[in-house]
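Worksheet for the structure shown next.
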Amino acid sequence: MSETLDIVYTRHAREKFALLARYGFPVTEQQVVDTIRDPALLLEQSGGRQLAQKAISEQLLLRVIYRTDGKVATVIPFYPARRRRYEN
């Protein structure tokens, strides 16, 4: 993914940072940006969306769903997931 993309967040995505932290799964904006710009896996989704995935710990990876429009990537949702479920 190009490093020239500007990253913006939907209101839902912004709220997700606080929600995940409250449940013991803190995710930083930098982790989201890193996942979009340098994913371990990138999949095309329906409706012009993309799913980027990258490990964030021994047990967890971060999955970010976003849509690009020109030089802007809009993060829709993101969520941590167990690596064993999505890797292999």
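The values are calculated or read from the model by the stated rules, or taken from the named source; none is laboratory data. Source: prediction; values computed, not measured. A quick note on method: Cβ atoms are made from the backbone with ideal geometry, for glycine too, and the neighbour counts reach across all protein chains shown.
Out of the residues in the range 7-49 meeting the condition of being of a type in the set (S, T, N, Q) and free of Cβ contacts under 8 Å to residues at least 24 places away in the same chain, tell me which one is farthest from residue 78 (Cα to Cα). Here the answer is 46.
From the set of residues in the range 1-25 that are part of a loop (DSSP other than H, G, I, E, B) and surrounded by 13 or more Cβ atoms within 10 Å (Cβ to Cβ), which is modelled with the lowest pLDDT?
That would be 1.
Only a single criterion out of (1) over 12 Å from the mean Cα position of the chain (by Cα); (2) surrounded by 12 or more Cβ atoms within 10 Å (Cβ to Cβ); (3) of a type outside the set (D, E, K, R) is not satisfied by residue 35, namely (1). Would you be able to say whether some residue in the range 40-48 is charged (D, E, K, R) and not in a helix (DSSP H, G or I)? Yes.
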